[in-house]
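S.K.: My questions all concern the structure below.
The values are calculated or read from the model by the stated rules, or taken from the named source; none is laboratory data. Quick caveat: nothing in here was measured; it's all calculated off a predicted structure. Ideal geometry is used to build each Cβ from the backbone, glycine not excepted, and the neighbour counts take in all protein chains shown.
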Amino acid sequence: MTDKRVNRRNFLAVAVGGAGATALSGLATASPAAASGIELAWDRSADIVVVGYGGAGAAAAITAYDAGASVLVIEKTENGGGSTRYSGGFFVSPRSVDGAVDYLMHCARAADGHHYDLDRESLTAWAQEAQHNADWIGELGGDPYATLRGWYDVPGAADYVTWQPRPNSTGVGLWNVLHNAVSERGIEVVYNVAGTELVTRIVDEENGSTSIEIVGVIVGEGEQRMAVQAAKGVILTTGGFDYDEQLKQNYLRTYPAYSTGHPGDTGDAIKLASKAGAALSRLTGTAANVCHKFDDVPVAYPSSLQLNAANRTMIMVDQRGRRFINESLNYDAVAKSLEYFDAADGSYPRNPCWMVFDDAARTAGPAGLPNPIGDPVYGWSADNSEEISKGWVLEATSLAELADKMGVDAASLEQSVERYNGDAEAGNDAEFGRTLGLKALEGPAYYALKAYPGLWATGGGPRLDSSARVLDPAGTPIARLYAAGSASSFCFSFLYPLSGTAIGDCFAMGRIAGQHASTLTEWANEVE
Ligand SMILES: Cc1cc2nc3c(=O)[nH]c(=O)nc-3n(C[C@H](O)[C@H](O)[C@H](O)COP(=O)(O)OP(=O)(O)OC[C@H]3O[C@@H](n4cnc5c(N)ncnc54)[C@H](O)[C@@H]3O)c2cc1C
């Protein structure tokens, strides 16, 4: 991937010379000063080019269009929707700005002095927009209803509310609302092409210095390659980096971490924006779950056993057979506990870890969520019998036999179960404070299932200001470049605050980006 930099003087010569906006010369591949004379003909043009057609891309496109801009959306896969379509359809729309900010500051551990990089001012800007999310979905035809409030019992939790659309409350239902709104407006979406390069132009500043601005996107490869002019701005909404192993190895707190999301989410905003000089931020933040992953299936299965731990008895143990968490906490909290690093022996003893359960839990439903939405769907049998046959779920008639199959110390596992069962029968989980689903495991049949950190979404990406503009390391906006959604999550940095935060972030920052970019003067008109 190479940046294309358009020298302003050479650009002027061509544009004014009669080729209109169809041809540019003076492209340099390395430094702004080194014009190479390569020609670039624009194949397409729009005021705003949105790269990535999921929830954030749809929000940006709809808003920019409604503000009067012409919009072109680029999507690298054959369908729109991305992880937004795979989702549970939850989106946060807070009831009060101050409450939302209090709550998010606590989840970032920022309110009590920890180091995560969030501040009240930018969260306030976010919440001021996000509070309109439910109304906005309603205006687009979604008829949303409030479902949950903040998970953590800290100030603002009651105001931090998540919603789902009606009549179809899932991600598919939510996506239908967005996609219909894009279609009704006649916004063009070009599928099966990826944004591969940003085109930048050098701007001579009045003080004699130069800066750059983003004037287009190169999309596709080979015969599909097109240069798309963005007269006002480019908005990167390419989702997270769930499927880029190198980015995950570098930035996540533990590895592996498997995605349950859309395969198009390969961190392209990070790659594109970095090349244009963007700073990166919040890369360790994730919306995490506990998942199961097997070599013969390309996606991970979120753990139904963990998601339903309030009703199904299962305990989690580490590679040493020791229980380590209240299994019924929210999915992100449990998943974050898998990131634990034991500095004494340099291991990650909970990645992977194990879920241990009994016949009652086995027959109560699939241990893994069938996944994903789409074609093919990777199923999971209702009583887990197929997964036992495949060797995914281990089965044994004693804990010692199960420990042997798991490869953990039998005495440790027996001790963990004995301690847990005793506490469950006494109604007091003295070790980890579990109250929900606190029921003794009953043999003689026992089961074990390996579990890993899973990703609903990664969070970090190009650093943004509260207008969704991408910033360079000095904190200066890179002109005409925006990002939103999981490409650059804005409102959380560590603990995932509540189901719906990621999509609430997509909607708010997508709209902010679309609105802000649409107010810009077209760059060609700025050239005297
Ligand atoms: C199973 C599941 C359930 C979830 N449930 C919820 C929930 O209920 N609520 C919630 O808030 N969050 C949920 N999440 C997380 C949430 O879905 C995502 O964080 C959010 O949808 C991301 O939206 P986005 O628009 O940023 O990215 P996406 O919706 O993933 O869209 C990104 C799009 O960009 C495309 N793209 C990538 N690179 C390029 C490129 N170079 N050029 C062109 N196109 C490109 C991708 O193909 C993709 O279509 C869930 C996630 C999963 C996987």
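Matching residues to (1) within 30 Å of Gly142 (Cβ to Cβ); (2) out of contact with any strand residue (DSSP E or B) (no Cβ under 9 Å at 6 or more places or on another chain); (3) within 14 Å of the ligand (Cβ to nearest atom):
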site: Ala194; (1), (2), (3): yes, no, yes
site: Glu205; (1), (2), (3): no, no, no
site: Thr210; (1), (2), (3): no, no, no
site: Ile214; (1), (2), (3): no, no, no
site: Glu221; (1), (2), (3): no, no, yes
site: Gln224; (1), (2), (3): no, yes, yes
site: Ala227; (1), (2), (3): no, no, no
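S.K.: Another one. Among the residues of region 178-201, write down those that are buried (at least 22 other Cβ atoms within 10 Å of the Cβ), out of contact with any Phe, Trp or Tyr (no Cβ under 8 Å at 6 or more places or on another chain) and more than 26 Å from Thr266 (Cβ to Cβ).
M.R.: Ala181
S.K.: Restricting attention to region 450-486, which residues are among the hydroxyl-bearing types (Ser, Thr, Tyr) and surrounded by fewer than 24 Cβ atoms within 10 Å (Cβ to Cβ)?
M.R.: Tyr452, Ser466, Ser467, Thr476
S.K.: Same structure, new question: What are the pairs, 6+ residues apart or on separate chains, where a residue within region 372-383 that is among the small types (Gly, Ala, Ser) has its Cβ under 8 Å from a residue that is modelled with pLDDT of 80 or more?
M.R.: From region 372-383, the pairs are Gly374/Tyr86; Gly379/Pro370; Ser381/Pro366; Ser381/Glu387; Ala382/Gly365; Ala382/Pro366.
S.K.: Oh, and also: Among the listed residues Ala257, Ala269, identify the single one that is within 11 Å of the ligand (Cβ to nearest atom), hydrophobic (A, V, I, L, M, F, W, C) and either at positive phi or out of contact with any Asp or Glu (no Cβ under 8 Å at 6 or more places or on another chain) (or both).
M.R.: When all the criteria are applied, what remains is Ala269.
S.K.: Of all the residues that make up region 279-301, how many are crowded, with 24+ Cβ neighbours inside 10 Å and either without any contact (Cβ under 8 Å) to a residue 60 or more places away in the chain or outside any loop (DSSP other than H, G, I, E, B) (or both)?
M.R.: 8
S.K.: Have a look at Ala127, Ala181 and point out the one that is under 18 Å from Ser499 (Cα atoms), touching a helix residue (DSSP H, G or I) at 6+ places or on another chain (Cβ under 6 Å) and of a type outside the set (Phe, Trp, Tyr).
M.R.: Exactly one residue qualifies, and that residue is Ala127.
S.K.: Which members of region 345-385 meet the condition of being of a type in the set (Asp, Glu) and away from the ligand (no atom under 16 Å from the Cβ)?
M.R.: Listed by number, the residues that qualify are Asp345, Asp358, Asp359, Asp383.
S.K.: Return the only residue of Ser493, Ser489 being farther than 22 Å from Thr147 by Cβ, surrounded by 21 or more Cβ atoms within 10 Å (Cβ to Cβ) and modelled with pLDDT under 95.
M.R.: On inspection, the qualifying residue turns out to be Ser493.
S.K.: I would also like to ask the following. If I filter region 387-421 down to residues being basic (Lys, Arg) and assigned to a helix (DSSP H, G or I), which single residue comes out as nearest to Ser328 (Cα to Cα)?
M.R.: Arg419
S.K.: For Gly88, all conditions in the list (1) assigned to a loop (DSSP other than H, G, I, E, B); (2) away from the ligand (no atom under 14 Å from the Cβ); (3) over 27 Å from Leu520 (Cα atoms) hold save one; what is the number of the exception?
M.R.: It fails just one condition, (2).
S.K.: Looking for something modelled with pLDDT under 95, assigned to a helix (DSSP H, G or I) and crowded, with 23+ Cβ neighbours inside 10 Å - is there at least one such residue anywhere in region 3-10?
M.R.: Checked against the condition, which is being modelled with pLDDT under 95, assigned to a helix (DSSP H, G or I) and crowded, with 23+ Cβ neighbours inside 10 Å, region 3-10 yields no hits at all.
S.K.: Tell me, yes or no, whether region 259-278 has at least one residue that is closer than 25 Å to Asp465 by Cα and assigned to a strand (DSSP E or B).
M.R.: Checked region 259-278: no residue is closer than 25 Å to Asp465 by Cα and assigned to a strand (DSSP E or B).
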